[in-house]
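K.L.:
Quick one: the structure is below, questions incoming.
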Amino acid sequence: QVQVVESGGGLVQAGGSLRLSCVASRNTFMNNVIGWYRQAPGKQRESVAVITSGGSTRYADSVQGRFTISRDNAKNTVYLQMNSLKPEDTAVYYCSVSRYGAIYWGQGTQVTVSS
């Protein structure tokens, strides 16, 4: 069974930092694309950052220069380092693993940035 589990969310003041973690089942962790998405209340889910198995990354314009996505294949884990957080970053953050046409989602982790 495929499992995707996010952690690391919380409450932080504007300007602060958080690091999110996404642990995926070992059988899904190679030859894939892993992304972080977020959904704020009343808004559509949007892509935040994506990383391929080869380490290529792509970021949303709104987080470029503030967020960094990385992966540790030995730990089946992808991280999202979030710096200089803003109130508009408040959302539920989801991890997604895409592999051979299948997409697996985690349950999400809440990030709240106070002003």
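The values are calculated or read from the model by the stated rules, or taken from the named source; none is laboratory data. Bear in mind that the values here come from a model prediction, so they are computed numbers and not experimental data. Heads up, the Cβs are rebuilt from the backbone with ideal geometry, glycines too, and the neighbour counts pull from every protein chain shown. Side chains included, ligands, DNA and RNA excluded: accessible areas come from the protein's heavy atoms. Shrake-Rupley method; radii C 1.70, N 1.55, O 1.52, S 1.80 Å.
K.L.:
Hey, can you grab everything whose amide H is under 5 Å from the amide H of GLY16? Only 5+ residues off in sequence or another chain; H modelled, so Pro and N-termini drop out.
P.N.:
LEU85
K.L.:
Now for a different question. In terms of the ratio Rg/(2.2 N^0.38 Å) built on C-alpha atoms, what value belongs to the range 7-115?
P.N.:
Taking N as the residue count of the range 7-115, the ratio is 1.01.
K.L.:
Could you check the simple spin-label distance between LEU11 and SER56, using points 7 Å along Cα→Cβ, in nm with one decimal?
P.N.:
In this crude spin-label approximation the distance works out to 4.2 nm.
K.L.:
Starting from the range 13-115, pick out the chymotrypsin sites (Phe, Trp or Tyr not before Pro) whose DSSP state is loop and whose Cβ has at most 12 other Cβ atoms within 10 Å.
P.N.:
TYR100
K.L.:
Counting pairs of alpha carbon atoms under 8 Å apart in space and at least six apart in sequence, what relative contact order in percent does the chain give?
P.N.:
37
K.L.:
If you count only protein heavy atoms and use a 1.4 Å probe, how large is the accessible surface of SER56, to the nearest 10 Å²?
P.N.:
70
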